[in-house]
1. Of the conditions (1) within 30 Å of C:E335 (Cβ to Cβ); (2) modelled with pLDDT of 95 or more; (3) among the acidic types (D, E), C:D77 satisfies every one except a single condition; which number is it?
2. Does the stretch B:182-227 hold any residues that are charged (D, E, K, R), more than 9 Å from chain A (Cβ to nearest Cβ) and not in a loop (DSSP other than H, G, I, E, B), and which are they?
3. If B:A137 satisfies all but one of (1) more than 14 Å from chain C (Cβ to nearest Cβ); (2) closer than 30 Å to B:T302 by Cα; (3) open to solvent by 30 Å² or more (accessible area, probe 1.4 Å), what's the number of the condition it fails?
4. Of these, D:V26, D:V55, which one is open to solvent by less than 70 Å² (accessible area, probe 1.4 Å), more than 22 Å from D:T84 (Cα to Cα) and among the β-branched types (V, I, T)?
5. Taking the stretch C:230-242, which residues are open to solvent by less than 30 Å² (accessible area, probe 1.4 Å) and either within 7 Å of another protein chain (Cβ to nearest Cβ) or more than 30 Å from D:P157 (Cβ to Cβ) (or both)?
6. Which residues, counting only those in the stretch B:36-73, are closer than 24 Å to B:M296 by Cα, hydrophobic (A, V, I, L, M, F, W, C) and within 26 Å of the chain's Cα centre (by Cα)?
7. Give me a count of the residues in the stretch B:243-275 that are assigned to a strand (DSSP E or B), within 22 Å of B:R155 (Cα to Cα), open to solvent by 20 Å² or more (accessible area, probe 1.4 Å) and facing chain C (nearest Cβ under 9 Å).
8. Keeping to the stretch C:307-326, report how many residues are free of Cβ contacts under 8 Å to residues at least 60 places away in the same chain and among the small types (G, A, S).
4 protein chains.
Amino acid sequence: MEPINIALLGAGRIGQVHAANLSGRVAGARLYAIADVSGEAAQRCAQQYGVAIAVDDYQRLLADPQVHAIALCTSTDTHARIITEAAQAGKHIFCEKPIAQTLESIDLALTAVEAAGVTLQIGFNRRFDANFRRARAAVVNGEIGRLERIHIISRDPAPPPISYVRVSGGLFLDMTIHDFDMIRFLAGDEVEELFVMADALVDPAIGAAGDVDTAVIMLRFKSGAIGTIENSRRAVYGYDQRVELFGSGGALRTENQYPNSALISDAQGVRRDLPYYFFLERYGESFAEEVRAFVMAIQQGTPVPVTGWDGRVPVVMALAAARSLRERRPVRLDEIHSSGG
Amino acid sequence: MEPINIALLGAGRIGQVHAANLSGRVAGARLYAIADVSGEAAQRCAQQYGVAIAVDDYQRLLADPQVHAIALCTSTDTHARIITEAAQAGKHIFCEKPIAQTLESIDLALTAVEAAGVTLQIGFNRRFDANFRRARAAVVNGEIGRLERIHIISRDPAPPPISYVRVSGGLFLDMTIHDFDMIRFLAGDEVEELFVMADALVDPAIGAAGDVDTAVIMLRFKSGAIGTIENSRRAVYGYDQRVELFGSGGALRTENQYPNSALISDAQGVRRDLPYYFFLERYGESFAEEVRAFVMAIQQGTPVPVTGWDGRVPVVMALAAARSLRERRPVRLDEIHSSGG
Amino acid sequence: MEPINIALLGAGRIGQVHAANLSGRVAGARLYAIADVSGEAAQRCAQQYGVAIAVDDYQRLLADPQVHAIALCTSTDTHARIITEAAQAGKHIFCEKPIAQTLESIDLALTAVEAAGVTLQIGFNRRFDANFRRARAAVVNGEIGRLERIHIISRDPAPPPISYVRVSGGLFLDMTIHDFDMIRFLAGDEVEELFVMADALVDPAIGAAGDVDTAVIMLRFKSGAIGTIENSRRAVYGYDQRVELFGSGGALRTENQYPNSALISDAQGVRRDLPYYFFLERYGESFAEEVRAFVMAIQQGTPVPVTGWDGRVPVVMALAAARSLRERRPVRLDEIHSSGG
Amino acid sequence: MEPINIALLGAGRIGQVHAANLSGRVAGARLYAIADVSGEAAQRCAQQYGVAIAVDDYQRLLADPQVHAIALCTSTDTHARIITEAAQAGKHIFCEKPIAQTLESIDLALTAVEAAGVTLQIGFNRRFDANFRRARAAVVNGEIGRLERIHIISRDPAPPPISYVRVSGGLFLDMTIHDFDMIRFLAGDEVEELFVMADALVDPAIGAAGDVDTAVIMLRFKSGAIGTIENSRRAVYGYDQRVELFGSGGALRTENQYPNSALISDAQGVRRDLPYYFFLERYGESFAEEVRAFVMAIQQGTPVPVTGWDGRVPVVMALAAARSLRERRPVRLDEIHSSGG
């Protein structure tokens, strides 16, 4: 089977992760061209991975009939527009999360995708992590019975710069959004209502910027199961990414990932090295896996594992979380409409 | 130093735990007499532990000048009254939790204790468990910095009979009350507000009896730290009693206790035996430790580690939790007054 | 059933452990009298545990018809003689390990026991530890198939004083003897041959005293299974007592015991507190369990779990180990005869 | 810097591992050509990795001035000869272990390498595993003080076919050789003497073929430290690859590697999935790392991390082990000369 030609749009940090994976680690796919608003960045990335085409105007790639699909890694505010254009050009689309920060933009994009009949996959890479896959498999296989509780621990090692915090859309859209996706994925169920307690405990400057850095979200699924998500922008010991599931037949939990398993006992105590510091180390393999699934969906017509709808719901949840925090009350997801968060 | 003569009031399950500990495992204390409404039960227990005095009327023991202190293990609805009587008789009091199910009763009892100047300790034994002591020490010593999060997992192996559920006062007063105490103990701080999601997911009959069997309580401390408690009346793998603390300088978590540490790898997987099944096995040592502390408080004048106030606040929290569940909104603790839960 | 009256002979460190257990923790037994060459030590111990009879001449206790059994905790060189006398006096005997340091003495004692028909149990307490019991159960139940390998890790926290080393009989008779018993217990099989590498790596003074402080013993069972034992007189992190078993159907290993399970993650690493420091903390419960089994053997005629033969074989193994080290060659156990180590 | 052109000699199982790594995972290296006695196998492999040159006669590649280095993955009996030829042709050599099964062959090859001044690295990939690197670092950094003990557990999941066993050179040369290298690597020291107990406990057919499938090797380093290696050809739970180190300042141990960290508690017990099944999964990353180090050694003149001498010593140890087993006695390494095993 001929490999799929993929054009990378956006050669920033996450774009480079995809570039590296598309260069040899994803069977059936070829990194065909790179676009970046900085033509120089596109050139550099193209050179590093032996890609012939590098441009500063992504529209040229949408117009290229050799391009079968795009990997959309530009800034979030451009996603919805480019999805629409790419769909109209008949390209399949792998889009980094989130699709957009407003439901209006998301819905316009999803409508265009639907009309064009192209394949769209959203980049919720954590679903492809071996630990969380195993957790989901346990639910599906009934290893822990009927699900009653999910608890997600999700902490970054250190807060981003305040300049980033200001444009991030807030903790819920920027960070929790991964956990909103994860909790739906693990449960295989939809959330009805949520309630939030949150604060700027890590850095008052984050509070001054109108955001929070510490949050606990409690939520109820249609099934009656209760979920909790806890976030912090700072964990001094590194990236803390764990889940606990509990059901009528048992419980499951996952641990952080470590660079080695050496356990040292000395006169002070028993210790091991810190877990992986951040997402590139921790989730490296999942970024390759999600693109493999995208390529397979295109080539073999298998279902897309993370649909446009899967990209939309976590935004609804983030908007509900923001409202719960603002109004200090539980908020139902059906209170959130396109006409306003 | 002469040993303290302790009279046991109530020779039921928990009374027998104290009887066993008072017979040889608590230096400085002597099990002097036993009272139970069933004189036969008092006799049997007295015989087993070589105690000379066994009565069916506890008032006789309150009148006995040889009795220095009582261990109050009768049914909850009698606690407040007997505390008052014992205080007026000048006896020191170790009282099983909870003091009572209404604040009015509690406040009458605490007033009597205060007036009499006797020592009162409440039986929140889990504070004396080695794991939770270590967790508290880490907070006090600053090992995890400024506390930002506490998560308590507290699940019983199997629900009690429905007949018990009906008179238990409800999950929050019967089961969560231990966790309300624990979260205050670990934080060394008071709770301002809490919010509950709960349901009868384990057994619909519990729901039909007007109670819940699965609950998650989120709460905010004065310091701004956020706590969560999760309860279930049923964990098929046994008693699940763990905490996770997170702060500016690190995190701490504790594990369940196991009868052995043997890890077996076979063709199916890597496995170990189940944790201890329930509280007698899991918390056995803590029941002795709390009484040792009580005896030391009397003999040496050291502060009582679990005061009457420590017995009152968890009842306030339980009443607030019940209201949050009923009214589906966050409830502040200062909304809870003696005049009604 | 009337409790068995047990006379404690020897009120030193291990004698006091048994005194404490016999005072309330062993159903069916009563600590009836105490003898110690230091009458004062006997008195002190008797007072602490409320025992009426305290003497400096143990023979008076052997002559007392109220004494049903003795717990023999005197110095090793007196064991064989007192066993003989006690057997002739018709007393059941619980004897601390080792019976003696020469096979001649052991055989004389065992002959006297056999002739008298009394019950003799040797104090290899580790067999009663929950971890090692579980390991043995796994072998018996076939959980790991046919046994092929046993590896025992046995390290003390710190070497004893040189004065003790000089009279200890050497590492193999003093320390490894427990592991020789354990490996027979776990395997349920006898050893045919062993080979030793050992040295004074911890403290040259131990070498100067003619002993070693670090040893590895490799041995072959009749079944063909291969065992290894590793000893050190010093582990800076505390008492290291673990086993690993491997068979045709799987493997099993046990961990050290810890005072708590708290796991702390901070900026330096992930750590926990040290394991228990030494045998009183680590094996406390096993000392009570072995005496319970002894009492049950007497009262109910159940088999003694650690027989006189079980006391003899480890001495043979220790003598073989010493010879292997001396002659730098594998030594068969049937080379070791009463006429010389 | 221009990439190094590497010719792969031998396109069997291990050859394909290197082919995959040399295609994109080793910066500075290019898979330039492939030779295999089966020209068809060479073609297939070349096609898979987009390599232009595929031949059945490796001599053509040695004659090609574009070839800078070879990766020698042919059958063991051809290694020594091809090393000699490659060295004479001025090619750098990465050679799979072992160099040869006799010291004569090894010494001829090493002499040729020395004379030619080319770079030779032996494929003891496990040194590049993150766990064992960390263990070695702990020794070097003094984290466990002066080393006194090393214990290596090394078990394959299942025995190879008897046809392979017959030509393998025996367990010590085929399997233990990795552990002989590892124990030298971890200790940073040379072995003086060793003693073996071994048997065919897994499969009598292996015994009938003149080999063993279960072995324990005890050895003494020049420093006085004592090592043990345990091998089995069958572990039903998968690849068992662990080390324990013990020293004056502490201890270190490593665990097996697992595909996920999910821990499941159900009514039967607490369990996790099996560790990785065999070396391709377990040591995948180390195969890339060793070649990266080889390329760096050539390009930057850094020392080769696994020298020809490092390839020779484990063969001496294997020959000593075979003699110890045959003669049932400890054997000094200096008893082993080129003139005979």
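The values are calculated or read from the model by the stated rules, or taken from the named source; none is laboratory data. For clarity, every value in this text was computed on a predicted model and none was experimentally measured. Note that we place each Cβ from the backbone using ideal geometry, even for glycine, and neighbour counts take in every protein chain shown. Calculation scope for accessible area: heavy atoms of the full protein, side chains included, ligands and nucleic acids excluded. Shrake-Rupley method; radii C 1.70, N 1.55, O 1.52, S 1.80 Å.
1. So the condition that C:D77 fails would be (2).
2. Within the stretch B:182-227, the subset charged (D, E, K, R) is B:184, B:189-190, B:192-193, B:199, B:203, B:211, B:213, B:220, B:222.
Now restrict to residues that are more than 9 Å from chain A (Cβ to nearest Cβ): B:184, B:189-190, B:192, B:203, B:211, B:213, B:222.
B:R184, B:E192, listed by residue number.
3. If we test B:A137 against (1) more than 14 Å from chain C (Cβ to nearest Cβ); (2) closer than 30 Å to B:T302 by Cα; (3) open to solvent by 30 Å² or more (accessible area, probe 1.4 Å), just (1) comes out false.
4. Working: D:V55 fails: more than 22 Å from D:T84 (Cα to Cα).
Among D:V26, D:V55, only D:V26 is open to solvent by less than 70 Å² (accessible area, probe 1.4 Å), more than 22 Å from D:T84 (Cα to Cα) and among the β-branched types (V, I, T).
5. Step one: filter the stretch C:230-242 for residues open to solvent by less than 30 Å² (accessible area, probe 1.4 Å), giving C:230-235, C:237-242.
If the condition is that a residue be open to solvent by less than 30 Å² (accessible area, probe 1.4 Å) and either within 7 Å of another protein chain (Cβ to nearest Cβ) or more than 30 Å from D:P157 (Cβ to Cβ) (or both), then C:E230, C:N231, C:S232, C:R233, C:R234, C:A235, C:Y237, C:G238, C:Y239 are the ones that fit.
6. Once the filter is applied, which keeps residues that are closer than 24 Å to B:M296 by Cα, hydrophobic (A, V, I, L, M, F, W, C) and within 26 Å of the chain's Cα centre (by Cα), the stretch B:36-73 yields B:L61, B:L62, B:V67, B:A69, B:I70, B:A71, B:L72, B:C73.
7. Here the count works out to 1.
8. Step one: list which residues in the stretch C:307-326 are free of Cβ contacts under 8 Å to residues at least 60 places away in the same chain, which gives C:323, C:326.
Those still in the list that are among the small types (G, A, S) too: none.
The total comes to 0.
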